[in-house]
Structure formats: C-alpha cells, structure tokens
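First up is the structure itself, then whatever we jot down about it.
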Amino acid sequence: MAAWNQSFLEHLTLVAEIEDIIVGFADMDHQGHLDRLYVHKDYQRKGIATALVKSLEKRSTNDNIEFFETYASITARPFFEKLGYTVQYENTVVRGNISLINFKMTKKRPIKLR
C-alpha cells in the first residue's frame, strides 16, 4: 500500500467525485505512462473514465513525450481504442499462478502549438 501511495504522489493523479463520493481515479507518470484507471461499477458508462484519461493527457507537462502509453486489459482494450490508442503488442503477466493477458497500447501525443 505504501508503494501505491508513493507512486500516486509522484504521478499526476486525478480523483473523480460526484456529490462528495469518490467514484474513480487515474494516474499518469511524467513520461506519459497511464498507470491506473478505475471507475466504481455503479458509475461506469457515464464518461468518467474518458474524462479522467483526456484530462491526464491534456495536463501532461513533459514536452518530450511523443506517445502516451498504457497496458490495457482485454476488457479495457476497446475503451482505449475509442480514445485513439492502438495495440503495439500482446503481453502476458503472471500473478501468482494466474496468467493475465494485456496489451501495450500507445497514442501519439498531439503537437502543442505555442
């Protein structure tokens, strides 16, 4: 838990609230890696995840970032594809004795005009 807290403090972290209830969160490191994205099941399909991701992308301040990236689960893949992310490769992660498939996905960062 301490490692999670530390990474939230080091990353750009956003929390979504509705009527003082935390309904979701997301974070991105300073290299454009979207690390965690979560929306409570009772608040899904309301645009919260989209708003969190777009806000993180917009608030990214490192001008050296060429691509945003994430490792998306099988179920999250279509969501990220709708946001313009494309699959770079399939990845397998082993947690305990369970193999999980995810996908490294990237999105070209728009050029910021000054």
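The values are calculated or read from the model by the stated rules, or taken from the named source; none is laboratory data. Keep in mind the model is a prediction, meaning the values are calculated, not measured. Because the Cβ atoms are built from the backbone with ideal geometry, glycine has one as well, and the counts that use them run over all protein chains shown.
Across region 67-107, which residue is nearest to Met28 (Cα to Cα) among those that are basic (Lys, Arg) and loosely packed, with under 12 Cβ neighbours inside 10 Å? The qualifying residue nearest to Met28 (Cα to Cα) is Lys82. Within region 31-49, residues that are free of Cβ contacts under 8 Å to residues at least 24 places away in the same chain have Cβ atoms under 9 Å from residues that are aromatic (Phe, Trp, Tyr) in these pairs: Arg36/Trp4; Arg36/Phe8; Arg36/Phe25; Tyr38/Phe25; Val39/Phe25, counting only partners at least 6 apart in sequence or on another chain. Of everything in region 47-66 that's of a type outside the set (Ser, Thr, Tyr) and exposed (fewer than 15 other Cβ atoms within 10 Å of the Cβ), which residue is nearest to Ala26 (Cα to Cα)? Ranking the qualifying residues of region 47-66, first place goes to Lys54.
Of all residue pairs spaced 6 or more apart or on separate chains, those with beta-carbon atoms under 6 Å, a first member in region 72-88 that is within 10 Å of Thr106 (Cβ to Cβ) and a second member that is part of a strand (DSSP E or B) and of a type in the set (Ser, Thr, Tyr) are Gln88/Thr106.
Among residues that are of a type in the set (Phe, Trp, Tyr), at pLDDT below 90 and under 14 Å from the mean Cα position of the chain (by Cα), Phe8 is included.
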